[in-house]
Amino acid sequence: MMIRDFSVILNSTGNNSLLNNVLYGIARNTIIPQEILLIAEDRSYPKDLDQWNLPIKLVKLDGKKNISNCRKLNHGARLASTEHLVFMDEFSVPSKMFFENLANQYVHTVGIIQPTFRYLRHKITYPWHEDHLEANSEYLDRESIINELTIEPDYGKFISSCFYIPKLQYSVLNGFDETYFCSFFGSMDFAQKVNTAQCPFYRSEAKIYHQNQSMDNPVKNLEQIVYNFQHFYDKWGYWPSTGELNQLAESDLIEWNPEAQEAITIKPKPV
């Protein structure tokens with residue numbers, strides 16, 4: 001098995017079932033990274049990592065809980081010892097040729113490379129066969145099908161679940177904004193930052209199988225959601241994902257007028 005000079009920064013939230021599928025995918029790749037920086041909070045340290053025979057460096061964030069994913073990714077990037085970074089989360093299962101395809105492409109480009117995602121319909125448990133993943137997954141739409149490295153003009157297609165970036169470029173961009181409470185907003189913010197810097201954005205046929213995940217009820221974290229929207233607007237001058245804001249307004253949870261350019265107000269709960 002060949003080792004190449006790139007670092008994988010893998011964000012763990014403590015779901016060992018999902019994480020083991022990702023590590024199994026990495027272990028069966030045709031090439032493996034020089035290091036895997038596994039970022040974990042003290043409440044969610046992964047178990048039985050020795051079974052994988054991989055260059056895993058467990059980064060324990062001792063005494064810290066509920067750390068934002070953006071902060072974890074930035075921390076991992078600072079610790080990386082190579083000049084090539086591949087960010088992954090525990091939902092991103094790499095195909096067997098994933099790293100080889102990516103490594104052959106990043107040596108000829110300067111910028112961000114986004115893999116192709118196929119979304120799994122059902123839960124998987126290792127050991128699995130890739131044919132099974134292929135048969136039980138699908139592209140988001142026809143535009144998601146990529147056959148070769150392609151420049152992507154729409155930075156809104158950026159997904160932070162898995163991507164490649166040179167470490168120098170990541171440093172120039174100053175990484176992710178750590179003040180967001182949610183990686184979705186951190187991802188949109190980073191995409192806007194990349195666009196503003198005119199950093200080349202590519203999409204690759206290198207394939208990721210994306211595991212299912214449950215979404216939190218936004219009402220449960222309403223104050224954080226409102227902060228995320230407001231911070232993004234104050235920073236970039238436009239509202240992202242206006243459909244969700246409209247839903248919150250129609251549900252009588254917030255006061256928001258997209259034309260008035262005023263701050264979002266959370267409505268008091270009925271007595």
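The values are calculated or read from the model by the stated rules, or taken from the named source; none is laboratory data. Note that the structure is a prediction, hence the values are computed from the model and not measured. Because the Cβ atoms are built from the backbone with ideal geometry, glycine has one as well, and the counts that use them run over all protein chains shown.
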Quick check: anything in the range 187-200 among the aromatic types (Phe, Trp, Tyr), under 25 Å from SER81 (Cα atoms) and in a loop (DSSP other than H, G, I, E, B)?
-> no
PRO218 vs (1) at pLDDT 90 or above; (2) buried (at least 16 other Cβ atoms within 10 Å of the Cβ); (3) more than 21 Å from VAL8 (Cβ to Cβ): all pass except (1)
Check whether at least one residue in the range 158-167 is of a type in the set (D, E, K, R) and either part of a strand (DSSP E or B) or free of Cβ contacts under 8 Å to residues at least 60 places away in the same chain (or both), and report yes or no.
-> no
If we ask which residues in the range 142-152 are under 26 Å from GLU244 (Cα atoms) and either touching a residue at least 40 places away in the same chain (Cβ under 8 Å) or in contact with a Gly (Cβ under 9 Å, 6 or more places away or on another chain) (or both), their number turns out to be 1
Go through the range 15-29 and count every residue that is touching a strand residue (DSSP E or B) at 6+ places or on another chain (Cβ under 7 Å) and outside any helix (DSSP H, G or I).
-> 1
Of everything in the range 232-243 that's part of a helix (DSSP H, G or I) and either at pLDDT below 90 or in contact with a Phe, Trp or Tyr (Cβ under 7 Å, 6 or more places away or on another chain) (or both), which residue is surrounded by the most Cβ atoms within 10 Å (Cβ to Cβ)?
-> PHE232
Any idea which of (1) farther than 27 Å from GLY14 by Cα; (2) outside any helix (DSSP H, G or I) is the one ALA103 doesn't satisfy?
-> (2)
In the set LEU38, LEU54, LEU85, the lone residue that is under 15 Å from the mean Cα position of the chain (by Cα), free of Cβ contacts under 8 Å to residues at least 60 places away in the same chain and surrounded by 16 or more Cβ atoms within 10 Å (Cβ to Cβ) is LEU38
In the range 148-182, what residues are modelled with pLDDT under 95, β-branched (Val, Ile, Thr) and either assigned by TED's automatic domain parsing to the domain that holds GLN230 or touching a Cys at 6+ places or on another chain (Cβ under 9 Å) (or both)?
-> THR179
